[in-house]
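Written below as structure tokens is the structure these notes are about.
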Amino acid sequence: MRQVGRRHVPEPAPVPSAAALRAAATHQATGAALAAIATTGIPKGLYRFASHAEMNRQTDEAIARAIALNGRLRHAAPR
């Protein structure tokens with residue numbers, strides 16, 4: 001493998017730094033604030049698919065439904 005540049009990418013640490021914990025908390029709070037309803041759109045259960053393409057299509061449709069539902073609920077909520 002060839003390395004280009006000198007940028008250091010930190011390795012995962014067994015104990016996260018305070019800055020990493022603050023960044024994670026901010027990221028999580030932003031996601032929670034944007035989600036009017038916490039769902040992936042995929043009901044619990046066992047799924048069997050004939051192909052990976054079929055599974056990907058079903059997953060994409062479920063995520064699209066969840067995003068649309070969150071958008072409708074967020075805009076319907078009184079401000």
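We did not get these values from a lab; they are worked out from the coordinates using the rules stated. These figures come from a predicted structure and were not determined experimentally. In this analysis, Cβ positions are derived from the backbone assuming ideal geometry, glycine residues included, and neighbour counts consider all displayed protein chains.
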* Structure fact -> For the chain, longest principal axis from Cα atoms; helix 18-34 axis from its Cα atoms; angle between them, nearest 10 degrees, is 20
* Asked: Translational D (Stokes-Einstein, µm²/s) of the chain at 25 °C and 0.890 mPa s when Rh comes from the Kirkwood sum over C-alpha pairs?
  -> 147
* To do: Rank by packing, highest mean first: peptides 41-49, 2-10, with packing defined as the count of other Cβ atoms within 10 Å averaged across residues.
  => 41-49, 2-10
* Work out from phi, with θ = phi - 60° and the Karplus expression 6.51 cos²θ - 1.76 cosθ + 1.60, the ³J(HN,Hα) of each residue of segment 54-67, listed in order in whole Hz, and give x for Gly and Pro. => 5, 4, 4, 4, 5, 5, 4, 5, 5, 5, 4, 5, 5, 5
